[in-house]
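Novice: One structure, pasted below without further comment.
Just so you know, all these numbers are worked out from the coordinates, no wet-lab data involved. Only a predicted model underlies this, so the values are computations on that prediction, with no experimental measurement involved. Ideal geometry is used to build each Cβ from the backbone, glycine not excepted, and the neighbour counts take in all protein chains shown.
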Amino acid sequence: MANTLVSGLANTILGNLSSPALQEFGAAWGLKDEIQKLKSTFTRIQAVLQDAEAKQTKSAALQDWLSKLKDAAYDADNILDEFETEALIRKEDRQRGVLNQIIACFTHRNPLVFRLTMAHKVKDIRERLDAIAGERVKFPLEEGVIDSQVYDMERRQTSSLVIESKIYGRNEEKEMIIKVLLDNSSHQNDLSVYAIWGMGGLGKTSLSQLVYNDPRVKTHFELRIWVCVSDDFSIQRLTRAIIESIEGGGCNILELDPLQLRLQEKLSGRRFLLVLDDVWNEYHDKWDGLKIALRCGAKGSMLVVTTRSEEVARMMATLPIFNLRCLSEDDSWILFESRAFEIGRREENLETIGKAIVKKCGGLPLAIKALGSLLRFKNSTSEWLRVKESAIWDLADGENDISPVLRLSYNNISPSSRQCFAYCSIFPKDYEMEVDMLIELWIANDFIPSKGETNPYLMGRGIFNNLVCRSFFQDVKEDYKGDLTCKMHDLMHDLAVSIMIQECYIIEPRKELKIPEKVRHLSFIGSQIGCFLDTKLC
């Protein structure tokens, strides 16, 4: 069963139940007591949610309890939406005059009918939630509150973007790869392919970016192209993406033959470097189909492939494969230190615990960064020990499985931040998200908590900056207009999908539709949305 996220939704509902507008509306319609009882029920439930979500990975019964609770919470949220909609309608009627109010009395919008209907709905959902809340005694759950430092950080960072720290411990590997790219004697073919292979979270993409942007590489190659592949190895899509990277604009050609002719025109006689990042395809015919159009460059042209799959590396490489290893203990500690300790803040007892935590990370940079960023905002020995001794480490599937580390980091951010992050599973892997649009989506979905007169956008920006700081988002870029974009590491995307697997669903052309019954958010890939409109939920 998938892990269940409830705390963010409960937080949102409690905020709405406490809003002056709903309190006023409830009093006007004689529902004040029922709304107050519903609020008390949610407050009782919320007290144990943080502990329940952290412990669910080891208890199927607890996961089932959280799932039932979430279904009921969504139904409660729908009822609150009905209140909000009715309030807007009443406001509109008042502005239009007495006639509209008279008409409403003789339609389905009769105030008495609405009050009775909503009173029944609120009472039913409260009793349902009370029954679910009563079941919590079956589980050893501790009451607690979210660390206030999390919220303080979100407020502090509304004015500027967190800049990612530099890459540690990869200078030797960088020089080895650059030597291969610049060494003409290694280029026996018209297109040499160099594969960088290693497990997820090792930093293959970051290392490739260091190489790609090195001044020596920029000087040596007339043309440099970067394309993120992921699990969609479509020859048309990749050919078009390469052309668009070269031309700096969109390409409207749809058919493969003219696409490949255009690409050959662009590459012919030019020494180029093409990086295909995060390749998963193991089909020879697809690789051969793409390779046809890449053989027309000048001698010395290079293709660099990054992949988690040794089979992919062996299939594509024409040069010896570069197997990227984990960071050494010393480099791991330097990276952790840069994330976990502020300048001038060094405590010997925390260092000892920190080194034990780093050892558990197995030299994987993504895991080290995530935990270092988490512990930066925890000041006590007990908090560091809680991370070191967390039962979640026992869930690792093999020595280098970092999913428990990412889950641990996720469990230690605020409910609102968790909700905002998990929602991003509606985007495909390696998708470049527009930050302003992302924050607007968070606001539209009521993920941003109300805090007095604080601007919701600034709250959203603070949450975004917090997530960047903790490595949930990466590759943050700013264009000439000041607009920001970002991406998620594919392992972070996997985490978001695992959390929202029942609630977020991506519809893709030419793929079988199996939309979950409990889905709340749909996204469409491609421009032919019309063909999906008659789709039924299974």
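Novice: Provide the FRET efficiency to the nearest 0.05 for the Thr454-Trp393 pair, computing r from the beta carbons and using R0 = 25 Å.
Specialist: 0.10
Novice: Please list the non-local residues whose amide H lies under 5 Å from the amide H of Val275, H modeled 1.01 Å from N, same-chain partners needing a gap of 5 or more.
Specialist: It is Ile225, Trp226, Val227, Val304, by chain and number.
Novice: How big is D, in µm² s⁻¹, for region 328-411 by Stokes-Einstein at 4 °C and 1.567 mPa s if Rh is the Kirkwood radius over C-alpha pairs?
Specialist: The diffusion coefficient I find is 103 µm²/s.
Novice: In region 171-323, with Lys and Arg counted as +1 and Asp and Glu as -1 at Cβ, which of these residues, Gly249, Ala298, Val279, has the Cα nearest the positive end of the dipole, that is, farthest along it?
Specialist: Of the listed residues, the answer is Ala298.
Novice: A follow-up question, please. Give me the Å³ per residue figure for the convex hull around the C-alpha atoms of region 171-323.
Specialist: Working: hull volume 15.8 nm³, N = 153.
Residue-normalised Cα hull volume stands at 103 Å³.
Novice: Mind giving me the nanometre distance, one decimal, between the label points for Asp81 and Asp401, set 7 Å out from Cα along Cα→Cβ?
Specialist: Rounded to a tenth, the inter-label distance reads 3.6 nm.
Novice: Can you work out ³J(HN,Hα) from phi for every residue in region 117-132, in order, using Karplus 6.51 cos²θ - 1.76 cosθ + 1.60 and θ = phi - 60°, giving whole Hz and x for Gly and Pro?
Specialist: Calculated HN-Hα couplings, in order: 4, 5, 4, 5, 5, 5, 4, 4, 5, 5, 5, 5, 5, 4, 5, 5 Hz.
Novice: How much length is gained on full extension from Thr219 to Ala27, taking 0.36 nm per residue of separation minus their Cα-Cα distance?
Specialist: 61.9 nm
Novice: Turning to a different aspect of this structure: Between Tyr480 and Asn445, what length in nm is gained on full extension when 0.36 nm per residue of separation is reduced by their alpha carbon distance?
Specialist: This chain segment gains 9.7 nm when fully extended.
Novice: For Glu247 and Leu513, calculate 0.36 nm times their separation in residues minus their Cα-Cα distance, and state this gained length in nm to one decimal.
Specialist: In short, 92.2 nm is gained.
Novice: Can you work out the FRET efficiency for the pair Glu348 and Asp494, with r the C-beta to C-beta distance and R0 = 41 Å, to the nearest 0.05?
Specialist: Details: r = 37 Å, r/R0 = 0.89.
Here the calculated transfer efficiency is 0.65.
Novice: Which entries of Lys388/Lys429; Lys39/Lys360; Lys266/Lys369; Lys369/Lys481; Lys121/Lys518; Lys360/Lys481 have Cα-Cα distances beyond 32 Å here?
Specialist: As for pairs spanning more than 32 Å Cα to Cα, those are Lys39/Lys360; Lys266/Lys369; Lys360/Lys481.
Novice: Calculate the spin-label point distance for Arg270 paired with Asp257, positioning each point 7 Å from the Cα along the beta-carbon direction, and give it in nanometres.
Specialist: Modelled inter-label distance: 2.5 nm.
Novice: On to the next question. Would you kindly derive the ³J(HN,Hα) couplings of region 406-418 from the backbone phi angles with the Karplus curve 6.51 cos²θ - 1.76 cosθ + 1.60 (θ = phi - 60°), listing them in order in whole Hz, with x for Gly and Pro?
Specialist: Calculated HN-Hα couplings, in order: 5, 5, 4, 5, 4, 5, 9, 10, 5, x, 5, 5, 4 Hz.
Novice: Right, another one. Scan around Asp430 for amide H atoms under 5 Å from its own, H built in the peptide plane at 1.01 Å from N, and keep only partners 5 or more places away or cross-chain.
Specialist: Close amide H contacts, sequence-distant or interchain: Met488.
Novice: May I pose another question? Using only alpha carbons, build the gyration tensor for region 432-515 and give me the equivalent ellipsoid semi-axes, biggest first, whole Å. Could the numbers behind the result be given before it?
Specialist: Details: eigenvalues 124, 60, 36 Å².
Semi-axes (√(5λ), whole Å): 25, 17, 13.
Novice: Using a basic spin-label model with each label point 7 Å from the Cα along Cα→Cβ, how many nm lie between His521 and Ser18?
Specialist: Reported label-point gap for His521 and Ser18 is 2.4 nm.
Novice: Tell me, what HN-Hα J-couplings in whole Hz come from the Karplus equation 6.51 cos²θ - 1.76 cosθ + 1.60 at θ = phi - 60° for each residue of region 310-321, using x for Gly and Pro?
Specialist: 5, 4, 4, 4, 5, 5, 9, 6, 10, 10, x, 6
Novice: If we sort 484-491, 130-137, 252-259, 72-79 on the protection proxy, mean other Cβ atoms within 10 Å, highest first, what's the order?
Specialist: 484-491, 72-79, 130-137, 252-259
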